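FYI, it's all coordinate maths here, none of it is from the lab. Computed from a predicted model, the values in this text were never measured in an experiment. Positions of Cβ are backbone-derived with ideal geometry, glycine not excepted, and every protein chain shown enters the neighbour counts.
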Ligand code: SF4
């Protein structure tokens with residue numbers, strides 16, 4: 001529940017957001033800073049900006065939220081009209097500052113800065129090969145692996161060929177914003193696992209994880225960067241070139257971006273995320289609607305699902321017939337959220353941990369008392385939050401508490417940039433829906449089907465990553481099954497082909 005920045009331990013977490021801008025004359029630092037604010041929900045552990053002023057690279061990377069990581073003077077020292085930014089949770093690599101991003105490095109033929117969203121699954125092999133060739137690493141993160149590989153290729157090849165060779169060696173999920181001197185690049189992995197889009201500003205161009213960042217800069221979304229595509233922004237902000245460097249047979253877009261991670265006001269694959277969530281809510285009613293007095297969302301992320309669910313319930317009955325009375329189910333904001341509870345409040349005992357949800361959510365007694373209530377949430381991870389929530393609403397006087405989830409059960413971990421808990425911790429990894437219902441003590445529990453998700457996204461299952469809900473992944477992950485014929489590429493040093 002709620003990807004909006006105040007996660008407790010029982011919620012999946014996006015790991016990173018990236019942005020890059022190329023402007024005609026203005027300094028890039030301030031627009032990058034605003035864009036990072038717009039992407040704050042994608043990572044709250046550290047924030048950073050790297051710019052280039054045509055002569056040298058400038059970097060500021062600090063732990064903490066965007067607002068804490070930068071002071072006014074920091075932005076002024078980041079000279080230059082091109083640059084990239086990053087917000088981060090630790091994905092691969094340790095939690096210390098050496099893994100905060102953008103990663104920057106200078107080498108013989110210039111300077112590089114890298115912002116990475118995603119996770120490589122063959123980083124160790126590529127790192128070993130590079131280390132054997134004499135590259136010294138300062139962190140254990142996979143972004144540095146990409147940077148070193150690219151730096152090596154750039155010694156011998158032009159930019160486009162160097163990126164292509166790196167893309168052929170790395171395997172996994174990546175959306176990258178890169179600076180090579182004063183040129184800003186955007187790269188999306190061949191399966192397009194994590195989002196990346198390009199937009200036009202009045203005086204330049206922008207690449208960002210989500211279009212909400214482009215809106216914040218008063219820009220206009222052009223389109224998503226295509227899987228396997230390289231976008232090169234002109235350093236003077238006058239335009240961009242694109243190169244389709246790698247083609248894959250299918251895509252593997254993370255369905256959870258639409259369901260949970262992305263901001264509802266972002267547009268992905270030409271669809272407003274908010275509308276997709278409303279559609280998912282409608283499908284939830286069609287698949288498992290339950291007649292109750294009130295339907296209410298878990299704020300904030302359950303809201304779009306719940307409005308779609310309530311709209312559909314006004315049109316049809318739970319058994320699929322046309323609703324003849326003009327009732328439907330009352331939509332109510334029956335859970336109030338305390339917006340000031342951070343994600344790191346201290347809960348020393350198990351008992352206090354179990355009561356943590358009370359710090360965050362408070363039911364409105366008059367909305368639920370004596371009623372049958374349906375709560376709509378977007379996911380169940382460990383199940384602790386759902387258990388507390390059901391208890392809370394019962395204690396406030398609800399006679400029945402039904403829980404509907406706008407995504408399929410999470411049965412397996414994510415290896416591609418989402419902090420989803422381990423398999424052992426996931427309640428659905430070894431329990432049926434009925435067993436989970438019993439555990440959380442709800443009167444009924446239903447999840448959305450995978451097919452309904454694919455339909456709402458207007459995508460075939462084969463073009464989505466569904467790893468965490470099927471246990472079969474679109475990349476070659478050691479010890480895990482795949483849902484398509486994929487193989488990690490050879491990590492041998494690049495051949496001299498094109
Ligand atoms: S495993 Fe799940 S969360 Fe991870 S990329 Fe795939 S769909 Fe997204």
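Using only Cα atoms, tell me the angle between helix 29-38 and the longest principal axis of the chain; keep it within 0 to 90° and round to the nearest 10. Here the helix axis deviates by roughly 20 degrees. Spin-label pair residue 462-residue 438: with each label point 7 Å from Cα along the Cα-Cβ axis, the two points sit 3.9 nm from one another.
Using the Cβ-Cβ distance between residue 124 and residue 422 with R0 = 25 Å, the FRET efficiency computed as 1/(1 + (r/R0)^6) comes to roughly 0.80. Distance between the modelled labels on residue 108 and residue 236, one decimal in nanometres: 3.1 nm (7 Å Cα→Cβ projection). Look at 68, 224 and count the other Cβ atoms within 10 Å of each Cβ; fewest to most, that gives 68, 224. Overall form of segment 143-237: oblate. Here a/c, set by the Cα gyration tensor axes a ≥ b ≥ c, is 1.5 or more, and a/b is not larger than b/c. According to the square roots a ≥ b ≥ c of the eigenvalues of the Cα gyration tensor, what is the shape class of segment 272-473, taking rounded for a/c under 1.5, prolate for a/b larger than b/c otherwise, and oblate for the remainder? It is oblate, given that a/c is not under 1.5 and a/b is not larger than b/c. Taking Cα atoms only, the orientation of helix 159-169 departs from the longest principal axis of the chain by about 50 degrees. Calculated FRET efficiency, residue 132 to residue 158, Cβ-Cβ distance, R0 = 30 Å: about 0.70 to the nearest 0.05.
Taken over segment 13-252, the alpha-carbon convex hull comes to 106 cubic angstrom per residue. Take the Cα of residue 76, step 7 Å toward its Cβ, do the same at residue 481, and the gap between the two points is 6.0 nm.
Got a sec? Which residues in segment 51-74 would a label at residue 339 touch, if it sits 7 Å along Cα→Cβ and we count backbone N under 20 Å? Residues 65-68 fall inside that zone. For the chain, rounded, prolate or oblate, judged on the Cα gyration tensor with a ≥ b ≥ c (square roots of eigenvalues), a/c < 1.5 rounded, else prolate if a/b > b/c? In terms of gyration-tensor shape, prolate.
Rounded to the nearest 500, the helix-only mean residue ellipticity at 222 nm of the chain stands at -7500 deg cm²/dmol, with each DSSP H run of n ≥ 4 adding -39,500 (n - 2.57).
Hey, what angle do you get for helix 142-154 against the long axis of the chain, alpha-carbon based, 0 to 90 degrees rounded to 10? Approximately 30 degrees, to the nearest 10. Counted residue by residue at 0.36 nm each, then reduced by the alpha carbon distance between them, the extension gain from residue 449 to residue 400 reaches 15.3 nm. Return the whole-Å distance between the Cα centroid of segment 40-88 and the Cα centroid of segment 107-144. So the separation of the two Cα centres works out to 21 Å.
For residue 315 and residue 358, a Förster radius of 41 Å and the Cβ-Cβ distance give a FRET efficiency of 0.70, rounded to the nearest 0.05. Taking every C-alpha pair closer than 8 Å and separated by at least 6 residues, the mean separation divided by the residue count of segment 13-252 gives a relative contact order of 22 percent.
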